[in-house]
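Asks: I have a structure here, written as structure tokens, and I will follow up with some questions on it.
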Amino acid sequence: MHTLAQNNPHLRYIVENIVTLALILEARPWALGFSDMCLLTSDTPIAIWNRPDDEDQLRAAALSDILLPLDPHRFLFLPGPATRGTDRRKHVDHLMHAEGAIGFALVEVAYDVADQFVIHHPEHDPWKHWKPNSPGQPKPWDGQTHSAPQYILEYGIFPPSQNIERRWTVEHPPPRSPDDVHL
């Protein structure tokens, strides 16, 4: 592996930093989330909120919220220090339900951090409900210089004695018109 990594800067970075990154992520609380809104995935499968192109990606992973879509209605969310705030329940692993505007926000973030491609399961089309209108994260390699969107997510968590209803992993809310969306 060491010989391979010498000739590939991307692989070398991974090999040099994988242990530190694993320790950073292992120390963070994880939220297993369920979304009423159909979720996107993209060519950037893990979204580091507010610092996706930070020069110090280890610092970005330690300080930012991180989103990893798992399937059209489930995701992992690692709340950063600001999102955890003073809610002690968010300092440990927990369950969350991304309903309504929170689901829209998750689609927006996936859309914003995508470099080129966004995808969704054919039976779980988020565009039926809402389409992002953000310019997305700037792409300096394409000459884009606009300000990067910033995100803050407020959410409640399930009490330890409750769980998500199975139906929210297979049912969809009815399609909305753009006039019905109020964020």
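Asks: Relative to the compact-globule scaling 2.2 N^0.38 Å, provide the ratio for the alpha-carbon radius of gyration of the chain.
Replies: So the Cα radius of gyration is 1.09 times the expected 2.2 N^0.38 Å.
Asks: Which residues in the stretch 7-25 have a backbone N closer than 20 Å to a point placed 7 Å from the Cα of residue 56 along the Cα-to-Cβ line?
Replies: Inside the label zone: 13-25.
Asks: Once amide H atoms are built 1.01 Å from N in the peptide plane, which residues 5 or more positions from residue 80, or in another chain, come under 5 Å H to H?
Replies: 65, 66
Asks: Here is a further query. Rounded to two decimals, what is the ratio between the C-alpha radius of gyration of the stretch 1-63 and 2.2 N^0.38 Å? Can you show the working numbers first?
Replies: Values: Rg = 14.7 Å, N = 63, 2.2 N^0.38 = 10.6 Å.
Normalised Rg, Cα atoms only: 1.38.
Asks: Given the stretch 45-89 reduced to its alpha-carbon atoms as identical point scatterers, what log10 I(q)/I(0) does the Debye formula return at q = 0.17, 0.18, 0.22, 0.24 Å⁻¹?
Replies: Those come out to -0.51, -0.56, -0.76, -0.85, one per q.
Asks: Suppose every K and R has +1 on its Cβ and every D and E has -1 on its Cβ; what is the size of the dipole of the chain about the Cα centre, in Debye to the nearest 20?
Replies: Details: 15 positive and 24 negative charges, 85 e Å.
The dipole magnitude comes to about 400 debye.
Asks: Taking the alpha-carbon distance from residue 139 and a cut-off under 29 Å, which lysines remain once sequence neighbours fewer than 8 residues away in the same chain are dropped?
Replies: 128, 131
Asks: Here is a further query. Take peptides 139-147, 23-31, 72-80, 106-114 and line them up by average Cβ neighbours within 10 Å, highest first, as a rough protection proxy.
Replies: Highest to lowest by the protection proxy: 106-114, 72-80, 23-31, 139-147.
Asks: Would you mind working out the accessible area per residue for the chain, using a 1.4 Å probe, and quoting it in Å²?
Replies: Values: 10950 Å² over 183 residues.
I get 60 Å² per residue for this part.
Asks: Putting +1 on Lys and Arg Cβ atoms and -1 on Asp and Glu Cβ atoms, find which of 27, 17, 45 reaches farthest to the positive end of the dipole of the chain.
Replies: Farthest along the dipole direction, towards plus: 27.
Asks: Still on this structure, please answer the following. Pulled fully out, how much extra length does the chain show between residue 68 and residue 10, if you take 0.36 nm times their separation in residues and subtract their Cα-Cα distance?
Replies: Numbers: separation 58, 0.36 × 58 = 20.88 nm, distance 2.07 nm.
Extra length from residue 68 to residue 10 when fully extended: 18.8 nm.
Asks: Which far-off residues, 5 or more places away or on another chain, put their amide H under 5 Å from the one on residue 129, with H placed in the peptide plane?
Replies: HN-HN under 5 Å from residue 129: 176.
Asks: Would you mind telling me the antiparallel percentage of the DSSP bridges in the chain, rounded to 5?
Replies: Of all bridge pairs located within the chain, approximately 75 percent are antiparallel.
The values are calculated or read from the model by the stated rules, or taken from the named source; none is laboratory data. What you see is a predicted model; the values in this text were computed from it and never measured. Positions of Cβ are generated from backbone atoms using ideal geometry, with glycine treated the same way; all protein chains shown enter the neighbour counts. Areas reflect the complete protein model, heavy atoms only, side chains present, ligands, DNA and RNA absent. Shrake-Rupley method; radii C 1.70, N 1.55, O 1.52, S 1.80 Å.
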